[in-house]
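A short worksheet on the structure shown next.
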Amino acid sequence: MCAVGNTTRALRAHARFALSLRILPPTVALFFLRARWHALRSRDEFSLASAIRPAELAALLGLARGREAVVELGTGTAWSTIALALDDRARRVVSYDPCARPQREAYLARAWPAVRERIELRDEPDSRGPHAGESVELLFVDSSHDYNSVVTAFRAWRHALVPGAPVVFHDYGHPEYPGVAEAIEDLGLVGREIGGLFVWFAVADDA
């Protein structure tokens with residue numbers, strides 16, 4: 001009876017998750033459904049706990065609309081990386097993470113080949129900043145959430161931002177990651193909060 005009860009609860013939770021994906025573009029929603037199902041079957045607790053929530057992802061994709069040069073700091077298992085690439089056929093996504101998690105290849109394999117070709121994974125610290133001549137139309141900061149890491153990463157990438165580029169900080173206001181909000185305050189960034197995201201837009205003087 002316990003096993004049956006656990007299975008029923010798991011199916012109900014998956015059904016609720018599927019309903020929450022209605023706010024996402026169809027291709028992104030389909031990928032997230034496939035990704036979560038794989039995570040459940042493979043017991044990938046890291047991905048289940050760390051993946052961006054659908055409402056936050058919808059906001060991120062809205063901010064990325066029409067922006068082709070996107071950089072993500074903190075690949076993890078690449079759910080948001082793939083979602084950003086899926087949402088626009090002209091978009092190229094560069095994602096940084098010095099810790100290449102072995103699980104991410106399973107999720108990349110669930111993305112269409114043409115999407116995978118527009119994703120560049122750099123297994124290096126985001127504090128190194130952009131490569132020569134690289135400009136960024138949207139920066140998604142979702143790597144280490146401590147104060148020093150957030151400040152260092154932002155400063156490393158600030159000069160590569162085109163005017164008007166959104167910088168999106170994940171887990172803003174999260175009780176386990178106070179360093180994110182503290183870093184934003186000390187950096188003097190004035191923006192807006194969208195759920196668990198904080199958004200600041202680069203101005204011409206930062207380019």
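Tabulated results
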| quantity | calculated |
| --- | --- |
| With 5 Å bins from 0: P(r) over region 50-206, alpha-carbon pairs, percent | 2, 9, 20, 24, 23, 14, 6, 1, 0 |
| Extension reserve of the R122-R12 stretch, reckoned as 0.36 nm per residue once the Cα distance is removed | 35.9 nm |
| Given charges at Cβ of Lys, Arg, Asp, Glu: region 50-206 dipole, positive-most of F201, S135, A111 | A111 |
| Student exercise, region 50-206 dipole from Lys, Arg, Asp, Glu Cβ charges, in Debye to nearest 20 | 580 debye |
| Length added when fully stretched, E182-V162, from 0.36 nm per residue minus Cα-Cα | 4.7 nm |
| Cβ-based charge dipole, the chain, positive-most Cα from A55, V28, S80 | V28 |
| Global form of region 16-104, assessed from the alpha-carbon gyration tensor, a/c cut-off 1.5 | oblate |
| Burial ranking of peptide ranges 71-77, 157-163, 118-124 (average Cβ count within 10 Å, highest at the top) | 71-77, 157-163, 118-124 |
| Residues with amide H under 5 Å from that of V136, placed H, sequence gap 5 or more | L161, V162 |
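Rule-based calculations on the coordinates, nothing more; no lab input. Just so it is clear, the structure is predicted and the values come from calculations on it, not from any experiment. In this analysis, Cβ positions are derived from the backbone assuming ideal geometry, glycine residues included, and neighbour counts consider all displayed protein chains.
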